[in-house]
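**Q** Sending over a structure as structure tokens; questions will come in a sec.
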Amino acid sequence: MGPPANRRAGDSRQVIHKALFVFLSIACTRGPLMAQIRFEDVTRKANLRFELRNGATGDFHQIELMPGGVAALDYNNDGCMDIFFTNGASSPSLKKSSPEFHNRLYRNNCDGTFTDVTDAAGVAGSGYSNGVAAADYDNDGFVDLFVTGVGRNFLYRNRGNGTFEDVTAKAGLTGADRRYGKMWSISAGWFDADNDGYVDLVVTNYVAWNAETEKPCGGDQRLYCHPNNYAGRPNQIFRNNGDGTFTDMSESSGIGTAIGKGMGVAFADFNGDGLMDIFIANDSVPNFLFQNLGHFHFREVGLEKGVALPEDGRAIAGMGVDFRDYDNDGKPDLIVTGMVNDSYQLFRNLGSDGLFDDFTAGSGLAAATRRLTGWATGFFDFDNDGWKDLFFADSHFPELGRLLGSAAPLANSVFRNLGNGRFEDVSVKAGYDFQVPGFYRGAAFADFDNDGRVDVVVTAIGSPARLLRNVSQAGNWIAFHLRGTKSNRDGLGATLHVTLPSGKSLFNHATTSVGYASSSEPLVRFGLGVESEIAAVEIHWPSGRVQNLAKLRAGQVVEVREPE
């Protein structure tokens, strides 16, 4: 005989109340929070009128696939993030034969609109441009630009008066290699390799390419060639001498001894020794992880640490990369984009002797991304719930659609971090504007309208760039604008550990090198969910100094100066 009816009803109410409590606890942990991540295209409203031109004429030159880097930077220090676009050139002459091929700088007017200031700033460029890296290399308080390209790279020093000076030759950064001559450079990134207070430069180089000797591929139905048709090239690293010049340390450092087909580059201290390490995504050959041994010496440990290849042992067409802690365990992880049938690879940092685990299948990304081809990517908390989500700039190669039986242009994709190690594809719910297909390439991440939500600007070959404003119903947030004194001016490489009043820990580090051939804002951001303040933040500066701050309110950018 069962319990009385009123007893059964009471038990049911208790079960319902417990279930409701659990649901609310989860909701409060993640914030407002199960609301959909959404983006609105504000490109026209913002007066951005850039279109990426690759110079294609139907001859299928390999360089036509690769352009599209974009940077988010505050070049005039007004607190609003500006946008710099790289652009191609006529092919195969490699000349910017008309203004349609100019690189472009757009000033953020701080009112939702932008103004093209390219000519006044002097950054239209020359040659076939590919990627861009932004940082203050001379510690004068103004962000500078390094632009990669086919056969030649450029360093633009920010004069601080709205104009830039081409100091490439003076700095010793033209791009030529002692052994191989002129290089085809894809990406670049700034980081302080030796913690001396000046950011150094890594340049990823792709393959040996020459229009005159390039052989056609695909028979009667021409296609772009597989990378196997080209010899690989070493990457380069340049030490900042602190006097406006750089020294090529590629061979002596060990970086130049590894021959690959370099695409995206990202930096993090994967083993917690206080030295920033380098990851380079390679196209169809194993990826590189260069462990920083100190004193400008590196050892390539990709296979040893488990990030050179996915678990099936087959090299993917690695393109974009981000190197950040996605699961809030204090150890930076890796996301790498690839081609259709590759799946985008997630390598989780296990923390034991710096080893990584291929967690692509376990995260839900294997099946969800197998049909995609990805370029730029980024770990950013788009809904400010305390967990970094994923954005991918997607597109198959032109002409590949007829082999796949589907369209080559793709819509971008966004995956929500569920906080349990897994990601959910929420792209189809991200808004009507998010569904527009294109030949997307580079992407830069920044809060362009200063509302506390991370926006995205993405380039597309043959169509206008798109500024995607984040209109998600997001949680609270806090951001840190670092100012190094003994460390480099931007604080690049600083690691931050935020503790919430609930005791939850959040981790991030300062970097502008994100995705593919692109550069993002230097601010270090944290989504806080429903928390209205943080209990504490511990900052480990590249100099070795440790700084602690307590009880900071949410909803602000905190200016932090390194203690002297």
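**Q** Mind listing just one residue for me: the one in the stretch 192-210 that is of a type in the set (A, V, I, L, M) and in contact (Cβ under 8 Å) with a residue 40 or more places away in the chain and, of those, surrounded by the fewest Cβ atoms within 10 Å (Cβ to Cβ)?
**A** Taking the stretch 192-210 first, the residues of a type in the set (A, V, I, L, M) are 193, 199, 201-203, 207-208.
When the remaining residues are screened for being in contact (Cβ under 8 Å) with a residue 40 or more places away in the chain, the result is 193, 199, 201-203, 207.
Values: Ala193: 31, Val199: 27, Leu201: 23, Val202: 25, Val203: 26, Val207: 20.
Top of the filtered list is Val207.
**Q** Could I ask something else about it? Within the stretch 500-516, track down each residue that is crowded, with 18+ Cβ neighbours inside 10 Å and of a type outside the set (A, V, I, L, M, F, W, C).
**A** Passing the criteria: Asn508, His509, Thr511, Thr512, Ser513, Gly515, Tyr516.
**Q** A further question follows. (1) out of contact with any helix residue (DSSP H, G or I) (no Cβ under 6 Å at 6 or more places or on another chain); (2) more than 19 Å from Met276 (Cβ to Cβ): which one isn't true of Tyr344, the others all being true?
**A** (1)
**Q** Considering only residues that are under 28 Å from Gln556 (Cβ atoms) and either free of Cβ contacts under 8 Å to residues at least 40 places away in the same chain or under 18 Å from the mean Cα position of the chain (by Cα) (or both), which ones fall in the stretch 419-455?
**A** Ala443, Ala444, Phe445, Ala446, Asp447, Phe448, Asp451, Arg453, Val454, Asp455
**Q** Just to be sure, is Leu528 under 27 Å from Asp78 (Cβ atoms), surrounded by fewer than 24 Cβ atoms within 10 Å (Cβ to Cβ) and of a type in the set (A, V, I, L, M, F, W, C)?
**A** Values: under 27 Å from Asp78 (Cβ atoms): yes; surrounded by fewer than 24 Cβ atoms within 10 Å (Cβ to Cβ): no; of a type in the set (A, V, I, L, M, F, W, C): yes.
So Leu528 does not fit the description; no.
**Q** Go over the candidates Thr511, Thr459 one by one and state the one that is outside any loop (DSSP other than H, G, I, E, B), hydroxyl-bearing (Ser, Thr, Tyr), modelled with pLDDT of 95 or more and touching a strand residue (DSSP E or B) at 6+ places or on another chain (Cβ under 9 Å). Walk me through it before giving the result.
**A** Numbers: Thr511 fails: outside any loop (DSSP other than H, G, I, E, B).
Within the list Thr511, Thr459, the selection yields Thr459.
**Q** Looking at the stretch 183-191, is at least one residue open to solvent by less than 10 Å² (accessible area, probe 1.4 Å), without any contact (Cβ under 8 Å) to a residue 60 or more places away in the chain, of a type in the set (Gly, Ala, Ser) and in a strand (DSSP E or B)?
**A** yes
**Q** Hey, another quick one. Please verify whether Gly452 is open to solvent by 30 Å² or more (accessible area, probe 1.4 Å), at pLDDT 95 or above, closer than 28 Å to Asp144 by Cα and touching a Gly at 6+ places or on another chain (Cβ under 7 Å), treating the condition exactly as stated.
**A** On the way: open to solvent by 30 Å² or more (accessible area, probe 1.4 Å): no; at pLDDT 95 or above: yes; closer than 28 Å to Asp144 by Cα: yes; touching a Gly at 6+ places or on another chain (Cβ under 7 Å): yes.
So Gly452 fails the test.
**Q** Which condition number in (1) out of contact with any Asp or Glu (no Cβ under 8 Å at 6 or more places or on another chain); (2) closer than 27 Å to Trp375 by Cα is the one that Glu531 fails?
**A** (2)
**Q** Hey, another quick one. Quickly run through the stretch 222-243 and pick out the residues that are over 18 Å from Ala171 (Cα atoms) and touching a residue at least 60 places away in the same chain (Cβ under 8 Å).
**A** Passing the criteria: Arg222, Leu223, Tyr224, Cys225, Pro227, Tyr230.
**Q** Now for a separate question. Among the strands (runs of 3 or more DSSP E) contained in the stretch 249-296, which hold 1 or more residues that are under 18 Å from Ser487 (Cβ atoms) and in contact with a Gly (Cβ under 7 Å, 6 or more places away or on another chain)? Walk me through it before giving the result.
**A** Details: elements: 262-268, 277-282, 288-294.
Correct list: 262-268.
**Q** For the stretch 500-539, which residues satisfy the criterion of being in contact with a Ser or Thr (Cβ under 6 Å, 6 or more places away or on another chain) and of a type outside the set (Gly, Ala, Ser)?
**A** Correct list: His509, Thr512, Val514, Pro522.
**Q** Let me ask you something else. Is it the case, given these coordinates, that Ser284 is small (Gly, Ala, Ser), surrounded by fewer than 20 Cβ atoms within 10 Å (Cβ to Cβ) and in contact with a helix residue (DSSP H, G or I) (Cβ under 7 Å, 6 or more places away or on another chain)? Give the derivation first.
**A** Numbers: small (Gly, Ala, Ser): yes; surrounded by fewer than 20 Cβ atoms within 10 Å (Cβ to Cβ): yes; in contact with a helix residue (DSSP H, G or I) (Cβ under 7 Å, 6 or more places away or on another chain): yes.
Answer is yes for this residue.
**Q** If you check Gly462 against the conditions, is it in contact (Cβ under 8 Å) with a residue 60 or more places away in the chain and on the phi > 0 side of the Ramachandran plot? Explain how you work it out, then say what you get.
**A** Details: in contact (Cβ under 8 Å) with a residue 60 or more places away in the chain: yes; on the phi > 0 side of the Ramachandran plot: yes.
When the stated conditions are applied, Gly462 passes them.
**Q** Checking Ser250 against (1) in contact with a helix residue (DSSP H, G or I) (Cβ under 7 Å, 6 or more places away or on another chain); (2) under 17 Å from Asp138 (Cβ atoms): exactly one of these is not met. Which one?
**A** Of the numbered conditions (1) in contact with a helix residue (DSSP H, G or I) (Cβ under 7 Å, 6 or more places away or on another chain); (2) under 17 Å from Asp138 (Cβ atoms), the odd one out for Ser250 is (2).
**Q** Suppose the filter is more than 24 Å from Ser250 (Cβ to Cβ), open to solvent by 40 Å² or more (accessible area, probe 1.4 Å) and in a strand (DSSP E or B); does Thr213 pass it? Steps first, please.
**A** Details: more than 24 Å from Ser250 (Cβ to Cβ): yes; open to solvent by 40 Å² or more (accessible area, probe 1.4 Å): yes; in a strand (DSSP E or B): no.
Judged against the criteria, Thr213 is not a match.
**Q** Which pairs have Cβ atoms under 6 Å, sit 6 or more apart or on different chains, and link a residue in the stretch 30-43 that is modelled with pLDDT under 95 to one that is polar (S, T, N, Q) and assigned to a loop (DSSP other than H, G, I, E, B)?
**A** Between residues of the stretch 30-43 that are modelled with pLDDT under 95 and residues that are polar (S, T, N, Q) and assigned to a loop (DSSP other than H, G, I, E, B), the close pairs are Pro32/Gln473; Ala35/Gln473.
**Q** Okay, next question. Determine if the stretch 466-488 includes at least one residue that is within 30 Å of Ser185 (Cα to Cα), crowded, with 22+ Cβ neighbours inside 10 Å, modelled with pLDDT of 95 or more and aromatic (Phe, Trp, Tyr).
**A** No, every residue in the stretch 466-488 fails to be within 30 Å of Ser185 (Cα to Cα), crowded, with 22+ Cβ neighbours inside 10 Å, modelled with pLDDT of 95 or more and aromatic (Phe, Trp, Tyr).
**Q** Give just the number: which of (1) assigned to a loop (DSSP other than H, G, I, E, B); (2) open to solvent by less than 30 Å² (accessible area, probe 1.4 Å) does Asp322 not satisfy?
**A** If we test Asp322 against (1) assigned to a loop (DSSP other than H, G, I, E, B); (2) open to solvent by less than 30 Å² (accessible area, probe 1.4 Å), just (1) comes out false.
The values are calculated or read from the model by the stated rules, or taken from the named source; none is laboratory data. What you see is a predicted model, and the numbers here were worked out from it, not measured in a lab. When we count neighbours, we look across all protein chains shown, and the Cβ atoms used for this are built from the backbone with ideal geometry, even at glycine. Quick note on the areas: whole protein, heavy atoms, side chains included, nothing else; ligands and nucleic acids left out. Shrake-Rupley method; radii C 1.70, N 1.55, O 1.52, S 1.80 Å.
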